[in-house]
Amino acid sequence: MSQYNVEGKQLEAFLGPLEASILQTIWCSKKRPITVREVLEELKKKKQVAYTTIMNTMDRLYEKGLLDRKIEKSKGGAYLYYVYWPKLEEQKFKEDAVRQVLSSLIDNFDELVTSCLVEKAAANGQQLEALKEKIDKTIKEKKQ
């Protein structure tokens, strides 16, 4: 995972816009594994993008450990190409990313993080109640 971008929304808080679009496309695809060409065709519905750009970005996502891949042969066996699939499903990726950011914040700023979380949750009654329930549940589990 890369750095956290406070300006980014959802996946773009952790990834670049194209990386986020590619991962979202793969997660939403019914076809797995998926080729660069198939991802390209899906993304071209929204904006013009080059095959090599998608290929390089998918390779970068593989290098970051977010995609896995294997080589397949074309039907005639004339050429080889990669097929990709996500190493983590979307919800697991988000959970891991948030945990990583929070862990770093707590390691660096300790009690300030807790204080800010409570203040943020207090702005919304439902969030505050949900936080209280999670804290109470965790305390009970720790006592057992």
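Here, each number is a calculation from the coordinates, and none is a lab measurement. Owing to the predicted nature of the structure, the values given are computational and were not obtained by experimental measurement. A quick note on method: Cβ atoms are made from the backbone with ideal geometry, for glycine too, and the neighbour counts reach across all protein chains shown.
Qualifying chymotrypsin sites (Phe, Trp or Tyr not before Pro) in segment 55-102, where qualification requires a DSSP coil assignment and no more than 14 other C-beta atoms within 10 Å, comprise Y79. Scanning the chain for GluC sites (Glu not before Pro) that sit in a DSSP loop and have at most 15 other Cβ atoms within 10 Å, the longest stretch containing none of them is 8-88.
Report, in debye and to the nearest 20, how large the dipole of the chain comes out about its Cα centre when Lys and Arg carry +1 and Asp and Glu carry -1 on their Cβ. Walk me through the numbers on the way to the answer.
Working: 26 positive and 22 negative charges, 158 e Å.
For this selection, approximately 760 debye.
Spin-label model, K31/T114: points 7 Å from Cα along the beta carbon direction are separated by 5.1 nm. Each 5 Å bin from zero up to the one holding the largest Cα-Cα distance in the chain carries the following percent of pairs: 2, 8, 14, 16, 16, 11, 9, 8, 8, 4, 2, 2, 0. Of A97, A78, A121, which is the most mobile in a GNM of the chain whose springs link Cα atoms less than 10 angstrom apart? In this elastic network of the chain, the residue with the biggest mean-square fluctuation among A97, A78, A121 is A78.
Remark: segment 95-109, residue by residue, has Karplus-estimated 3J(HN,Hα) of 4, 4, 5, 5, 4, 5, 5, 5, 4, 5, 4, 5, 4, 8, 10 Hz, where x stands for each Gly or Pro and the curve is 6.51 cos²θ - 1.76 cosθ + 1.60 at θ = phi - 60°.
What number results when the radius of gyration of segment 92-143, computed over Cα atoms, is divided by 2.2 N^0.38 Å? Intermediate results must be reported in sequence, preceding the final value.
Working: Rg = 12.3 Å, N = 52, 2.2 N^0.38 = 9.9 Å.
Relative to the rule-of-thumb radius for its length, segment 92-143 sits at 1.25.
Output the pairs from K92/K140; K87/K120; K87/K132; K9/K120 with a Cα-Cα distance over 22 Å in this structure; if there are none, say none.
Values: K92/K140 25 Å; K87/K120 32 Å; K87/K132 33 Å; K9/K120 18 Å.
From the list (K92/K140; K87/K120; K87/K132; K9/K120), the Cα-Cα distance tops 22 Å for K92/K140; K87/K120; K87/K132.
Report relative contact order for the chain in percent, whole number only (criteria: Cα-Cα under 8 Å, sequence separation at least 6).
Working: 116 pairs, mean separation 24.9, N = 144.
Relative contact order comes out at 17 percent.
Label-to-label distance for L131 and N56 is 4.3 nm, based on points extended 7 Å past Cα in the beta-carbon direction.
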